[in-house]
Amino acid sequence: MTPPPAAPAAPRSLRRRAAVLVLPVVVLLVGIGGTVGVSLGLDAAGSRRAQEASQALVDEQGRALGDAVKQYSTVLDALSQGIAEQAPTEDPEFDTMSAVADALPGLSSLSYTVPVAQDPAAVTAAQERFRAQFDAPITLHPAQTQVGEHRFIVAYRGIGTRETLRGVDAAAVGPVAVAATTARETGSLAISAPYVLLADRSLPVEEQQQSVVLTAPVLGGRGQVDQDVFRGWVAGAFRVSDVLTSSARSAGGVDGRLQLWDTTDRAAPVLMGQVHEQGRLSDHPAQSATVIAGTRRWTLSAVPTRAAEDRATGAGPFVALVVGGVASLLLAGLLFSVTAGRERAKRDVELATVELAEEVASRRRSEEALRTRESELDAYSTVVADRLRLPLARLSEMAGAARETDGWTSADWQTRLDRVDRRLDTARRLVDDLLLYARVSEMALTERTVDLLALGTLVADGQEALSAHLPDELQPRIEVQPLPEVVGEPWLLQQVLQRLVDNAVVHAPYGQPAVITLSADLTGSRFRGEVWRIEVRDRGLGVPAERRATVFEPFAGEDAEVERRTNHLSLALCRRIVLRLGGDIGLDDDPRGGSVFWFTLPVRTTAGRPAAQPPSARPVPALG
């Protein structure tokens, strides 16, 4: 006989647990809650003090930076007035006139620049005049400019270096040219946008600093023949990081990170310099202050280190948390000690049982979903195969019937039919390329995570399949090295890789196989933006130097290349696609022979973006 079911024990167990646990839990929660509240309050007060200290530091440094700009302006104005009264005739004289600027922190160089008409004869005449004025073999180096004139440095004093930029055309340096134009138009000192000084560009990238140039106009002085007539400019170049470091040292150091940004263009701020002490930074927002420097807007921001916040906070939060927590635990443990072990063991067993049941159910659901997916894929594959088999068979029958028509069976007609087929195929591809070339700039992009390694392997396999009819010694050899995951339009990226590989195969030396390598490299910097550089390297015929400038232009190919089944529209299409995706494309020589076609893609996070489905190896040409 089956025994009667036992009375449910769950209500009784719950009541027993409640009677044992309610009081200890309430006491523990109230104690811990109060302790956490006190600790958080003390921590928040310390954080506020640290942020207030950071704001005070930013305000102080902002005022110091503003005072430094005024000091620089005063010195340059004085130098401008000195040159207006008596233009220097030799380097020692200019050094003497500019010695007052030696104490300026961050000063890199001082220069005197004069305008010269953008005419070879004017440049030659100016060079002779400067040689006579300075009694020195000055050589002017005119450059292509966008300001309608040359602006030659005729007197130069580098701080801490013997190198000179005398004779350099400063009009070719965009930020300097803009500041000089502003100074001449307004008749007052102007400050340039940040840039890397010409004297620093030979340094390693990690040692280069952003700098600014303060430019003051020079007019003919009182009593001079050219009184009030514009003569040129005096300019002082300052390395921003050196200025910040000097200012921070004067304030006793910065316990955190101090950054200066040029925010004149709010959409594209530029980091000009920073002082960063070692240590982990605070998670709180940066404190900032605005500095108006002429027509430029600078923003100074500071973030303290965690150590600085901890010092401002002190040990109060930790002590409160420890003391309160310990007291709460001792009191709760005293009430709980009698039955806690047994109840805890039962609870652990119940939780483990529930988790095991959930895991089993989850695995069953996953297996059912996988089987359903496999069934759907099998059915889909069958339908697609049946739908494609019939039209392909009919096209094959029509082609065979045309070749077997009476009067068309001679070898000559067969050769002509083959040639017609190739020409029609080329024409269809050209029409498809023209349509894509016209539409790609306006094409809506569906950005996904694209595995370039899988895509490159797919393109290589497709190319090898197309060349399967060739002898083994003429089949292309394609190596696909590790390629990254990028964000982009999968089909467009496939078009670029496929066309570059096709181009390399087509231009292989006669009687030799195409040797192609696909690779990638991460370039750029975290300040200027990192990009992936994707390379398609071949050992082909190469590109003559006179044609490299037009290799990516539409229909820039020669007749010989048309016979090779390409007219350079494919490369022009590659360029338009890459630009549409936010990258760049180019061509380099391979020292070992052949060419290196490359394109870049910006590095963007793939988190949260759907992965692209693998495309087909070759897109089906558009019909009609």
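The values are calculated or read from the model by the stated rules, or taken from the named source; none is laboratory data. Only a predicted model underlies this, so the values are computations on that prediction, with no experimental measurement involved. Counting neighbours? That spans all protein chains shown, and the Cβs are built from the backbone with ideal geometry, glycine included. We work out accessible area using only protein heavy atoms, side chains counted, and drop any ligands, DNA or RNA first. Shrake-Rupley method; radii C 1.70, N 1.55, O 1.52, S 1.80 Å.
Brief remarks follow.
- Solvent exposure of region 108-219 as accessible area per residue, Å², 1.4 Å probe: 47 Å²
- Neighbour-limited loop hits for trypsin sites (Lys or Arg not before Pro), region 178-267 (at most 15 other Cβ within 10 Å; DSSP other than H, G, I, E, B): Arg201, Arg222, Arg266
- Distance from the C-alpha centroid of region 456-521 to that of region 160-174: 47 Å, rounded to the whole angstrom.
- Theoretical gain in end-to-end length, Val319 to Arg48 [0.36 nm per residue, Cα-Cα removed]: 95.7 nm
- Residue-normalised accessible area of region 35-79, given per residue in Å² at a 1.4 Å probe: 49 Å²
- Using a probe radius of 1.4 angstrom, the carbon and sulfur fraction of the accessible surface of region 442-520 is 53%.
- Cα gyration tensor, region 111-196 - rounded (a/c under 1.5), prolate or oblate: oblate
- Expressed as a whole percent, the accessible surface of region 221-261 that belongs to carbon and sulfur atoms is 45, based on a 1.4 Å probe.
- Of the solvent-accessible surface of region 39-174, computed with a 1.4 Å probe over protein heavy atoms with every protein chain present, carbon and sulfur atoms account for 53 percent.
- Sequence of His150, His276 from largest to smallest accessible area, 1.4 Å probe: His276, His150
- Comparing Cα centroids, region 79-122 and region 205-235 end up 7 angstrom apart.
- Per residue, region 468-553 exposes 51 Å² of accessible surface when a 1.4 Å probe is rolled over the protein heavy atoms with every protein chain present.
- Selection of GluC sites (Glu not before Pro), region 149-232, meeting DSSP coil and at most 16 other Cβ within 10 Å: Glu163
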